Amino acid sequence: MINNDEVEIGELTYIPTPDANAELIKQIDSKNDENQHGISPFLYFTAIVACMVSSVEIGFAVVWISPVAEKLLSNDPNENPLGAAVSTIQLSTMSAIPAFSSLFGSILLGKTCDLLGRRTAMIMLSVLILIMKISLAFATNIYMVFIPLLIMGFCLGGTQVAGRIYLTEIGEDHHKTKLVCFGTLGVPLGNVCSYLISSFIPSFKLFTLACCIPLMLSVGFLIIFLPETPVYLISRKQEEEAYKSLKKLRKKNSNEIRKEISSISYILKKTSKSENISFSAMFSIRAIRTAIFISIGVHLIAYTDGAPVIMSFLIPVFNEAGSSVPNYISINLLSISQLVFSFIATQTSEKYGRRTLLLISTLGNAVLLFSIGLFYYLNSMGLSYIRYVSWWPIVGLILFYLSNVLGLASICWVIASEVFPTNVISLAMSILFFIDNLVVSTMVFMFPIIINSFGMQWNFWIYSVICILGYIFVYFKVPETKGKNLLEIQGLFERK
């Protein structure tokens, strides 16, 4: 077994000096690039399953309220299993509970993936989510809805952290971005599945139970087929287990796998000064402090631009537009479009700079959101000619999600996966998910209240202003990280 202080390059064993770190890693990366055999089919399968138990479930949770809202607002006991219509505040609370409880789950459960392993944490939390979803289907009063949503959201906070870290750690540098973008693909996939199921299954109970099927299959695949991440295993000195994991995940021979283990060991040694790091200690290290500042800034833009919130309220959004196109067609068209755009993002995100994509995305989002808000404002004025462009909300939102997915929605996670050392990433991801869920739960709660108090247009105008502020932040504060490894990025942040 190769010592952690030595790294094998070609047929040489190189013992690095502190001044040679960056050059050494470039040699390792160059050697790895020469041996790029493409992504193995099993690695794609692994990424999809990890996505299914983390981000796809977020997609289900985000839009679950939209198909059932009309039933819960009905006084007809044949449609409403609760027996009486819920109030606007109760509906807003249901919408916000999963995101609100997720913010605590991401902090309190985020470290489970360090203690138990990424794979084990995903299995345990996914089983709890499945139990809560089944109990939700049999709800007969408002509290039987609130409690499962609360526990489910709490567990989702943990699976978000574990799933993102898992996707980050199973890939190599030259295709890590593509795998991280699979997480972005999962949310719209959950949205599409949820809306498509609701189109064919109108019953509250059967719809909720049908939404359990993808998770049941994914948990089975996770238990039977998926290995632990090689990075986690190496950090726990389980190099033979890491070898077995890499043998499944890579299209490489034994010698190449051993070299990758040596490379991972070296980077872990140089970037992880201790086994664990405390919350306060993170902010005492300049490079990590800068990484947190930039990651939080980009995430705040991505999660306050309206994209996660609008998907929860597509039915009222399209109802107010007054389009002749049936809602179920508009909703499914938008959901499928978002899924297609997310897939495109997995193929294109490696080709362009992170900073460039963020700048284009924030500016495009700002323009499109303002124009959609303008439509609702003119529509509220009762202008007769506005009916000729009643199609604009659906077209505008399709373009908005294209702009958002190709930039903000995917790149915010790419940056987060690139800038943190292994001994920090669990805590850093927990902080990011806490902030994301806090923001989303607040905005989901406020969305229907703003509609009733000020009008639909103000939601879109607020999001547009946020995107303009985001453009300014990215322009002045976010450096380019494409093509840089962790040691180079840490060195860049040390100087900022």
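Residue 65: net charge of surrounding residues, Cβ under 15 Å, Lys/Arg +1, Asp/Glu -1, itself excluded?
So the surrounding residues net to 0.
Shape of the range 305-345 from its Cα gyration tensor (a ≥ b ≥ c, root eigenvalues): rounded if a/c is under 1.5, otherwise prolate when a/b > b/c, or oblate?
Oblate.
Determine the equivalent ellipsoid of the range 238-380 by diagonalising the alpha-carbon gyration tensor, then write out the semi-axes as square roots of 5 times the eigenvalues, largest first, rounded to whole Å.
The answer is 44, 23, 14 Å, longest axis first.
Can you sort 387, 250 so the residue with the fewest Cβ neighbours within 10 Å comes first?
387, 250
Debye sum, Cα scatterers, the range 65-208, no solvent: what log₁₀ I/I(0) at q = 0.09, 0.17, 0.20 1/Å?
So the normalised log intensities are -0.33, -1.00, -1.23.
Direction-averaged shadow area of the convex hull around the Cα atoms of the range 101-147, nm²?
Spelled out: convex hull of the Cα atoms, projected over all directions, averaged, 3.5 nm².
Roughly speaking, what is the stretch gain from residue 141 to residue 74, that is 0.36 nm per residue apart minus the C-alpha to C-alpha distance, in nm to one decimal?
Working it through step by step, the gained length comes to 22.7 nm.
Suppose each label sits 7 Å from its Cα in the direction of the beta carbon; what would the residue 356-residue 395 distance come out to in nanometres?
Here the answer is 2.9 nm between the modelled labels.
Mean Kyte-Doolittle of at least 0.0 and a Cα length of 18 Å or more along the axis: which whole DSSP H helices of the chain meet both?
Long hydrophobic helices here: 41-53, 88-108, 118-137, 143-169, 176-200, 286-304, 327-348, 354-380, 422-453, 456-477.
Among all the lysines, which ones have a C-alpha under 29 Å from residue 205's C-alpha, if same-chain residues fewer than 8 places away are not counted?
71, 133
Using only helices, what value at 222 nm comes out for the chain when you add -39,500 (n - 2.57) per DSSP H run of length 4 or more and divide by the total residues, to the nearest 500 deg cm²/dmol?
-24000 deg cm²/dmol
Which whole-number percent gives the relative contact order of the chain, counting Cα pairs below 8 Å spaced six or more residues apart?
In percent, rounded to a whole number, it is 23.
How do 76, 305 rank when sorted from fewest to most other Cβ atoms within 10 Å of their own Cβ?
Least to most surrounded, the residues fall as 76, 305.
Every read-out reported here was derived from the displayed coordinates using simple, explicitly stated rules and does not represent laboratory data. Keep in mind that this is a model prediction, so the values were computed, not measured. So basically every Cβ, Gly included, is an ideal-geometry build from the backbone, and we count neighbours across all protein chains shown.
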